Structures are given as C-alpha cells and as structure tokens.
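Remarks on the structure that follows.
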Amino acid sequence: VSLGRIIPTFSPSIGYVDGALLSKKFGSIVFGATVGFQPDFSLRGIATDYKKLALFAQYLSLDRISFSASTAYARTYFHSSLDREAASILLNASITQDVFLYANSEFDLRKKSGDEFVLSPKLTSAYIKLNYRVTNSFSIGFGADASRPYYSYESVRSVPDSLLFNELRSGVSLNISWMLPGGISLYNTYTPRNSSEQSFGKEYSNYSSLNFNDVLATGLNLRVNANVNANQFTNGTGYGAALQKTFGSLVDVNVRYQTNTYNIKQLDSRNRSTTLGGDVMVFLTNSLTFLATYDRLDGYGTISNSVFGELSVRF
C-alpha cells in the first residue's frame, strides 16, 4: 500500500497520481490498482479537477535473462466526465550481458467525434530501443518510434474535428556513449524524423554532451552540451554548460547556463533565449536536507526569475 504522490513505473505515461496505490504479488506476477488526482501544473500543489484510475499487471523474471513486462488500463475524469481512456504495454529485457531491449506502446481507446467521445482504439505512441555494450567503455544504441498527439476531451470538445492534427509520425534514433580515460565521457544522439511536408531526415535533432569528472583532481565536475534541431517551422541551435561541486559531505552546489537560438522560417525571425540557474543542497543532518534553487529566463518575449526552497525530513 502506497499513499501520497505516486509515480507509476508500470506505465509512465499515466503520469503522477496524488492518491493511493494497492498491489499484491503472486510469485513473479504483481496485480494492482491506483486511484487519485492529477497534481496541478507546477507539481507543487494538489488539484481535484482531474481524477485518475488505473489497473495494472506486471511480470518480473530474475532468471539468467532478466525480463519484465507490464500492462495497464487507465481512465482520467474531468470532474465526473470521462476525459481519457488508454491502455499500455511496457517491456524491459537483458537479452545478454551486453544487449538490452526496451519497448513501450500506448493506445488511446476513445476519440472526439463531433460532440461525442466515442470508442475508437488507435495507436498513440510506440517506442523500441536496442542497446549494445561493445566494450566496458563504449556502447551504441538504435531506436525507432511512432507517435501522434493525444487530446484531453475537455480541452478540445469545442474544437472542430477538422482542426485536430492526428497524423502518425515516426523516426529513428542513433546514439553512442563513450567513457574515455581521465574521467571524460562523450554522449551523442541523432534523431531524424519523417514529415508530410519534407523528405525523411530534413526534420531532425542532434544532441551532444561532453563530461569531465573531477577536473584536475579538484572534485569539480563539468558538463558541456550542444544541440541542433530543424523542422518545417523552425530551426535552432543551443549550447550550455553546468558545473557541480560537493564540499565534504555537507553541501552540493550546481551552476548551469544554457542559450538557444531559434529561427521561425515563415517570419524569418531570429530569436534567442538564455537561462541561468543554480541549486544548493545542504545536508543538515542524516535525515534533514535543505534544497534551494534559482532560475532566470530571458527570452520568448519575457524575463522571469524564480526561487524555490524545500526542507525535507527522512523518517
């Protein structure tokens, strides 16, 4: 039995639930249910407009080849009206000591038709990734996905059906992870996608990060990143860096900076956004921790500053 804010690992797309989870294990199989409310948009408060209910089953094998599979059925209500109904499947498998498989798919069981919410099962998302560890320091991965937007009925009930975008889009992903001597690691992922307006690969994203651990034996960790993306509406580039330092076992400090430049093609409008932020975590005692964060955003036509503090107690 779990009470509070629940993150359902059996079906991540269900999202957070503020409520209760009940489950029972029979050998390698777990059956359960969760019921509660959708948290507010900031995830820092409790809201009661949206109610959630989910039933799930999960199988976990701890044999030589580790394998787990789960399936879930979920409903969301806006006040007392059905707002979404979906089913999902999730798979994890260690095929060998060096080959790992992950896959998930989700089906929306209803769609908006005129002013009714009718039964019409349709694939919402599917994702599969195969990762191969070539050596202890180098691994490669290949993935494929397909997805279409899903709509909360309450949010689109007054929108004409002809204005709702329902195209199923697909893409692939290629990534490498390389651990180099001296505490240096490199990661890169490239994701081309299909588009009804452009040939395959014209729409894509590429993300790279370079990490330096314990720079010059100072205990300082540095991460730099770069990303490039393009689609039929915009293209952009971004660069960032983050520094992390732990002082003894009492204080952990993070400072981060990110800048993104993006161009709206139809308007030939070039814009930039920058974010600067930091986190400080202080371990006051073995069970008492204080966290403070600051973020400043300059872009998208606005300048904003946010400060967040949290004191947590572990019993």
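The values are calculated or read from the model by the stated rules, or taken from the named source; none is laboratory data. This one's a predicted model, so the numbers in the text were calculated from it and none came from an experiment. Note: ideal-geometry Cβ built from the backbone for every residue, glycine included; neighbour counts use all protein chains shown. Just the protein is used for accessible areas: all its heavy atoms, side chains included, with ligands, DNA and RNA removed. Shrake-Rupley method; radii C 1.70, N 1.55, O 1.52, S 1.80 Å.
A compact table of results
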| read-out | value |
| --- | --- |
| Cα-based equivalent ellipsoid of segment 68-194: semi-axis lengths in Å, sorted from largest, via gyration tensor | 38, 17, 12 |
| 5 Å-binned pair-distance histogram of segment 272-314 (Cα, whole percent) | 6, 21, 22, 14, 13, 9, 8, 5, 2 |
| Ranked order, VAL307, VAL156 - accessible area, probe 1.4 Å, largest first | VAL307, VAL156 |
| Electrostatic dipole magnitude of the chain [Cβ: Lys, Arg +1; Asp, Glu -1; Cα centre; debye, to 20] | 300 |
| Cα→Cβ-extended label distance, 7 Å offset, between ILE264 and ILE303, nm | 2.2 |
| Extension gain from LYS202 to ARG44, taking 0.36 nm per residue of separation minus the Cα-Cα distance | 53.0 nm |
| Overall Cα dimensions of segment 166-225, principal axis frame, Å, largest first | 52, 17, 16 |
| Chymotrypsin sites (Phe, Trp or Tyr not before Pro) within segment 1-89: DSSP coil, no more than 15 neighbouring Cβ in 10 Å | TYR16, PHE41 |
| Karplus 3J(HN,Hα) series, Hz, for segment 258-271 with 6.51 cos²θ - 1.76 cosθ + 1.60 (x for Gly, Pro) | 9, 10, 10, 10, 9, 10, 8, 4, 5, 9, 6, 9, 9, 9 |
| Pairs of alpha carbons in segment 137-201 whose separation is greater than 17 Å (percent) | 62 |
| Counted charge near ALA87, where neighbours are those whose Cβ lies closer than 10 Å (Asp, Glu -1; Lys, Arg +1) | -3 |
| Quarter of the Cα convex hull surface for segment 5-89, i.e. its orientation-mean projected area (nm²) | 5.9 |
| Extended-chain gain in nm, criterion 0.36 nm per residue less alpha-carbon gap, VAL99 and VAL159 | 17.0 nm |
| Residues of type aspartates and glutamates that LYS265 reaches as a straight line, Cα spacing below 16 Å, ignoring anything fewer than 8 places off in the same chain | GLU197, GLU203 |
| Read-out Kirkwood radius over Cα pairs in Å, derived from the coordinates shown; its label in (1) 23.2; (2) 21.3; (3) 19.9 | (1) |
| Förster radius 41 Å - calculated FRET efficiency between SER152 and THR289 (Cβ-Cβ, nearest 0.05) | 0.70 |
| Whole-Hz couplings from phi, Karplus 6.51/-1.76/1.60, listed for segment 285-293; x for Gly and Pro | 9, 5, 10, 10, 10, 10, 10, 10, 10 |
| Residues of type lysines that LYS111 reaches as a straight line, Cα spacing below 22 Å, ignoring anything fewer than 8 places off in the same chain | LYS51, LYS52, LYS122 |
| ASN213/LEU250 FRET efficiency (R0 25 Å; Cβ-Cβ; nearest 0.05) | 0.75 |
| Residue-normalised accessible area of segment 209-315, given per residue in Å² at a 1.4 Å probe | 65 |
| Dipole in debye (nearest 20) - segment 186-291, about Cα centre, beta carbon charges: Lys, Arg +1; Asp, Glu -1 | 200 |
| Exposed-site-free run, longest, the chain (rule: trypsin sites (Lys or Arg not before Pro); DSSP loop; at most 11 other C-beta within 10 Å) | 65-313 |
| Added length on full extension, which subtracts the Cα-Cα distance from 0.36 nm per residue, PHE107 to LEU82 | 7.4 nm |
| Highest-fluctuation residue, ASN229, ASN175, ASN271 considered, GNM on the chain with Cα pairs under 10 Å | ASN271 |
| Top of ILE89, ILE29, ILE14 by mean-square fluctuation, Gaussian network on the chain, Cα under 10 Å | ILE29 |
| Listed residues SER273, GLY238, TYR207: farthest to the positive end of the dipole of the chain (Cβ charges) | TYR207 |
| GluC sites (Glu not before Pro), loop per DSSP, at most 10 other Cβ atoms within 10 Å - longest free stretch of the chain | 1-166 |
| Cα coordinate range in segment 188-312, projected on the principal axes (Å, largest first) | 57, 33, 25 |
| LEU180-ASN271 FRET efficiency (beta carbon distance; Förster radius 35 Å; 0.05 resolution) | 0.45 |
| Accessible area of segment 130-216 belonging to carbon and sulfur atoms, whole % at 1.4 Å probe | 61 |
| Translational diffusion of segment 45-106, µm² s⁻¹ [Kirkwood Rh, Cα pairs; Stokes-Einstein; 4 °C; 1.567 mPa s] | 94 |
